[in-house]
Amino acid sequence: MASRKNLKKSIKYICNVLEGVCLIDAAQAPAEKRSEYGDLYVKINDFQNELICKINHTEPGSVKLFYKKLKEDCNKGIEEIASKLDELGK
């Protein structure tokens, strides 16, 4: 149980960092881009909640495959969000 707890903490930490970067960039962005930053902030929050929900409901029997897919989904989501932040920053 402790490893699931640590995994949730790690996901929350990563998402909080992404949210912080999003807020800092939004504060420095022109007014027309701020709504896009707001949408991205909501997307980050939804992404975090989705991953935490998945961890809370681990499928019995295929745990190794479940966590492998979770890791792939997490990495894909983080890359997607980071690229969107980079795109908005230009």
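Values quoted throughout were computed directly from the atomic coordinates according to the rules given, and no laboratory measurement underlies them. Predicted model only: the values in this text are computed from it and were never measured. All Cβ positions, glycine included, derive from the backbone under ideal geometry; neighbour counts span all protein chains shown.
Some notes on this structure:
- Cross-link table 5/84; 5/43; 68/90; 33/64, entries beyond 31 Å C-alpha to C-alpha: 68/90; 33/64
- Put a plus charge on the Cβ of each Lys and Arg, a minus charge on the Cβ of each Asp and Glu, and nothing anywhere else: the dipole of the chain about its Cα centre is then about 620 debye.
- If R0 equals 22 Å, the separation of the Cβ atoms of residue 6 and residue 75 corresponds to a calculated FRET efficiency of about 0.80.
- Largest to smallest principal axis extent of the C-alpha atoms in the chain, angstrom: 50, 19, 14
- Relative contact order [Cα under 8 Å, 6+ residues apart], the chain, whole percent: 34 percent
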